[in-house]
Amino acid sequence: MKSISDQAKTVSQSRTYLTDLVLPSDTNHHDTIFGGKVMAYVDKIACIAAMRHCRKPVVTVSTDSFDFLAPIKAGEAISLEAYVAWTHRTSMEVFVKVESENLLTAEKRLTSRAYLTMVALNDQGRAASVPHVIPETVEEKRQYDQAWERYKIRMKRKENSIE
C-alpha cells in the first residue's frame, strides 16, 4: 500500500510564498540586494516547496537557469513563489519566481527566476522516491512539458563536468 507521501500531488500542494523587507544590511554599494542573498532565499523556498511535495528531507543538487532580471532596492519587499514543476524518480524540479514590490507605490517587478533540482532522502541519507506531480494551470503544464528537455541539459552538463 502506498503511503500518503508516495501518492501523486498537484503543483498547488507544493506552492510556497515568502515575503521579506530588504534592509540596508542586505544590500551592496549600489543600494540593491546582494545576488547571493537572493540565491539563499531561492534555495530556502525551493527546499520548503520540495519537502511539502515529498514530505521527506531534501538536498539541492542543481541550480540552473538562474536569471537576474532586475535589481531589488533597499526598502522594497522581496517576494518569492516556488513550486514543484516536475518530478523524476528521486528528484524534483522546483521553479522559483522572485519579484520586488515598492511598498509606497505598489509597483511590482519580476526580478529573478530559477529552476532548482532537489533530491529527496531516506532515513539512511540515500536518494528516495518522490510522488509524481500533476500540473493544473496552463503555465504549470507548459513548464511540465518542457521539463524533460531541461532534465537532459542538466544530465549532459553533469556528464561533461565529470570528465
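The values are calculated or read from the model by the stated rules, or taken from the named source; none is laboratory data. All values derive from a computational prediction rather than experimental measurement. Quick reminder, even Gly has a Cβ in these numbers, built from the backbone with ideal geometry, and neighbours come from all protein chains shown.
Answer yes or no as to whether Lys152 is out of contact with any helix residue (DSSP H, G or I) (no Cβ under 8 Å at 6 or more places or on another chain), at pLDDT below 95 and charged (D, E, K, R).
yes
Just one of Leu121, Leu104, Leu110 is surrounded by fewer than 21 Cβ atoms within 10 Å (Cβ to Cβ), out of contact with any Lys or Arg (no Cβ under 8 Å at 6 or more places or on another chain) and over 16 Å from Ser14 (Cβ atoms); which is it?
Just one listed residue meets the conditions, Leu104.
Quick test for you: out of Ala50, Ala85, Ala70, pick the one residue that is out of contact with any His (no Cβ under 9 Å at 6 or more places or on another chain) and part of a helix (DSSP H, G or I).
Ala50
Taking Lys56 as meeting all but one of (1) part of a helix (DSSP H, G or I); (2) touching a residue at least 24 places away in the same chain (Cβ under 8 Å), write down the number of the exception.
Result: Lys56 fails condition (1) only.
Output the residues belonging to segment 34-63 that are small (Gly, Ala, Ser), under 12 Å from the mean Cα position of the chain (by Cα) and modelled with pLDDT of 95 or more.
Passing the criteria: Ala40, Ala46, Ala49, Ala50.
Could you please give the count of residues in segment 108-163 that are of a type in the set (S, T, N, Q) and assigned to a helix (DSSP H, G or I)?
Qualifying residue count for the region: 4.
Look through segment 124-143, keep the residues that are under 15 Å from the mean Cα position of the chain (by Cα) and in contact (Cβ under 8 Å) with a residue 60 or more places away in the chain, and return whichever of them is surrounded by the most Cβ atoms within 10 Å (Cβ to Cβ).
Checked segment 124-143; the qualifying residue surrounded by the most Cβ atoms within 10 Å (Cβ to Cβ) is Val133.
Against the condition out of contact with any Leu (no Cβ under 8 Å at 6 or more places or on another chain), more than 24 Å from Lys108 (Cα to Cα) and at pLDDT 95 or above, how does His30 come out, does it pass?
Here the answer is no, as His30 does not meet what is asked.
Those residues that are assigned to a helix (DSSP H, G or I), at pLDDT 95 or above and surrounded by 15 or more Cβ atoms within 10 Å (Cβ to Cβ), I need them from segment 1-19; list them, please.
Result: Val11, Gln13.
Could you check Val22 against (1) closer than 16 Å to Glu101 by Cα; (2) β-branched (Val, Ile, Thr); (3) surrounded by fewer than 19 Cβ atoms within 10 Å (Cβ to Cβ) and say which number it fails?
That leaves (3) as the condition not met.
Return the only residue of Phe95, Phe66 being surrounded by fewer than 17 Cβ atoms within 10 Å (Cβ to Cβ) and under 13 Å from the mean Cα position of the chain (by Cα).
Being surrounded by fewer than 17 Cβ atoms within 10 Å (Cβ to Cβ) and under 13 Å from the mean Cα position of the chain (by Cα) holds for just one of Phe95, Phe66, which is Phe66.
If I ask for residues that are touching a strand residue (DSSP E or B) at 6+ places or on another chain (Cβ under 8 Å), of a type in the set (Asp, Glu) and closer than 21 Å to Thr60 by Cβ, which ones from segment 96-149 would you list?
none
Condition first: of a type in the set (D, E, K, R) and in contact with an Asp or Glu (Cβ under 9 Å, 6 or more places away or on another chain). Now tell me which residues in segment 57-90 satisfy that.
Selection gives Lys73, Glu76, Glu81.
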